[in-house]
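Visitor: One structure is given below, represented as structure tokens, and several questions about it will come after.
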């Protein structure tokens, strides 16, 4: 009974990557939610810190997180911690011996690694730290190449590279459990992708979006602005069936000019299906089609487990929708060319977000998530500018800087109820459910800032 009681008090340490800081907490919370577990941080939790202590989990929970997370580097079963090595020793000596013994017996092999955040230790200093751990009852054999158990001493020297202290702010020691999926950022790099476009989503952000959405095996995921399918690639990696639409005929069919340097035209097999085939996920590909996101072709039913997208902002890709059929001049022979594109009209950002949220409210299953990017002009941004819908609950709102005055925010929402007739009336009457019209001027504000910086740089060069 004593061992069982102690087992419930196990704590785990996550070592987080120090990029995309805003996205880390929502990712870990979303991955815990997939396992039906709440997020319980230990005391002194700091969201921007490189190390987090988590309570209320078991080892399977931690392994489940690390099997998907691209924000976490490694996870450890925490045996001891303190502000000094003396405090660490006291903490370790009070850790239940019955929890240590299975990993320290004489028939086992092990090694101890030393990791320092924001400071580099010379090799002799690392050896000194390892030798100083001799008070722990290690009875096994040291094996640097093929050890059964790996332990790690982690020292935190803060996050300011210009002010590195002589001694660490905090020290941890624990048993290594698993590494995160940072390798996916390299293995799925857009640089090596078979089919890319001007706005293909970064691999790391694609996987983060899939995690924020809680995409899981056998889900059906939809992207209404699919482009070259980067988000479909990420979702298929986690076992979801994927589909999407886009208004651009050439992109959907993989035709036209190539976005690659030194390549004028796209090849015959440059398409979204080929991207999934590249990563062995072609069987998860449902299909994509040329369609206008502002004019839904889907039956009115909850079809999708997640909707994940990066709408066009009007910077590198135009925001447009098809015009009225009255505006289309039919050829004399009554036959449209294969590459025919209907008359296009401006598609304001506020309309894009209204349509996207309404579509999600209608077509997501209950508990399904919408994850999308919202471009903002930072001097005018406030939380009230984030579009809302009475059927969707805001889960997280993370910022990625684009420039000193612009950014985009990754919005995650969860469907909490089916739409009813009065919801549309409430949507029109309540300003909270109307996207801020200022989003429509994002393109002009973006380029005004670019031009302003050019003028400032020109003045600096001229010595003004």
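The values are calculated or read from the model by the stated rules, or taken from the named source; none is laboratory data. Bear in mind that the values here come from a model prediction, so they are computed numbers and not experimental data. Cβ: placed from backbone, ideal geometry, glycine included. Neighbour counts: every protein chain shown.
Visitor: Are any residues in region 246-268 in contact with a helix residue (DSSP H, G or I) (Cβ under 8 Å, 6 or more places away or on another chain) and closer than 28 Å to residue 215 by Cα, and if so, which ones?
Guide: Correct list: 246, 252, 254.
Visitor: Sticking with this structure for a sec: For region 15-39, name all the residues that are in contact (Cβ under 8 Å) with a residue 60 or more places away in the chain, within 15 Å of residue 60 (Cα to Cα) and surrounded by 18 or more Cβ atoms within 10 Å (Cβ to Cβ).
Guide: 31
Visitor: Could you identify the single residue in 112, 130 that is surrounded by 12 or more Cβ atoms within 10 Å (Cβ to Cβ), modelled with pLDDT of 95 or more and outside any strand (DSSP E or B)? I'd like the intermediate steps shown before the answer.
Guide: Values: 112 fails: outside any strand (DSSP E or B).
Of the residues listed, the single one that is surrounded by 12 or more Cβ atoms within 10 Å (Cβ to Cβ), modelled with pLDDT of 95 or more and outside any strand (DSSP E or B) is 130.
Visitor: So, in region 181-195, how many residues would count as being surrounded by 15 or more Cβ atoms within 10 Å (Cβ to Cβ) and closer than 12 Å to residue 230 by Cβ? Break it down into steps so the answer makes sense when it comes.
Guide: Narrowing region 181-195 to residues surrounded by 15 or more Cβ atoms within 10 Å (Cβ to Cβ): 181-182, 184-185, 188, 190, 193-195.
Cutting the leftovers down to closer than 12 Å to residue 230 by Cβ gives us 188, 190, 193-195.
Result for region 181-195: 5.
Visitor: State yes or no: is residue 198 loosely packed, with under 15 Cβ neighbours inside 10 Å and in contact (Cβ under 8 Å) with a residue 60 or more places away in the chain? Steps first, please.
Guide: Working: loosely packed, with under 15 Cβ neighbours inside 10 Å: yes; in contact (Cβ under 8 Å) with a residue 60 or more places away in the chain: yes.
Yes.
Visitor: Are any of the residues in region 171-186 part of a loop (DSSP other than H, G, I, E, B) and closer than 14 Å to residue 284 by Cβ? Steps first, answer last, please.
Guide: Our first condition is that a residue be part of a loop (DSSP other than H, G, I, E, B); within region 171-186, this holds for 180-182.
This time we only want the ones that are closer than 14 Å to residue 284 by Cβ, so: none.
No, the conditions are met nowhere in region 171-186.
Visitor: If you take just the helices (runs of 4 or more DSSP H) that sit entirely in region 211-294, which of them hold at least 1 residues that are touching a strand residue (DSSP E or B) at 6+ places or on another chain (Cβ under 6 Å), modelled with pLDDT of 90 or more and closer than 30 Å to residue 22 by Cα? Spell out the reasoning first.
Guide: Working: elements: 230-237, 249-252, 272-278.
Per the criteria, 230-237, 272-278.
Visitor: On to the next question. Residue 161 - would you say it is assigned by TED's automatic domain parsing to the domain that holds residue 120, surrounded by 15 or more Cβ atoms within 10 Å (Cβ to Cβ) and assigned to a loop (DSSP other than H, G, I, E, B)? Please lay out each step first, then the result.
Guide: Working: assigned by TED's automatic domain parsing to the domain that holds residue 120: yes; surrounded by 15 or more Cβ atoms within 10 Å (Cβ to Cβ): no; assigned to a loop (DSSP other than H, G, I, E, B): yes.
Considered against the rule, which asks whether it is assigned by TED's automatic domain parsing to the domain that holds residue 120, surrounded by 15 or more Cβ atoms within 10 Å (Cβ to Cβ) and assigned to a loop (DSSP other than H, G, I, E, B), residue 161 comes out as no.
Visitor: Here's something else I'd like to know. Please determine whether any residue of region 70-81 is in contact with a strand residue (DSSP E or B) (Cβ under 6 Å, 6 or more places away or on another chain), surrounded by fewer than 17 Cβ atoms within 10 Å (Cβ to Cβ) and assigned by TED's automatic domain parsing to the domain that holds residue 29.
Guide: Looking for residues that are in contact with a strand residue (DSSP E or B) (Cβ under 6 Å, 6 or more places away or on another chain), surrounded by fewer than 17 Cβ atoms within 10 Å (Cβ to Cβ) and assigned by TED's automatic domain parsing to the domain that holds residue 29, one finds none in region 70-81, hence no.
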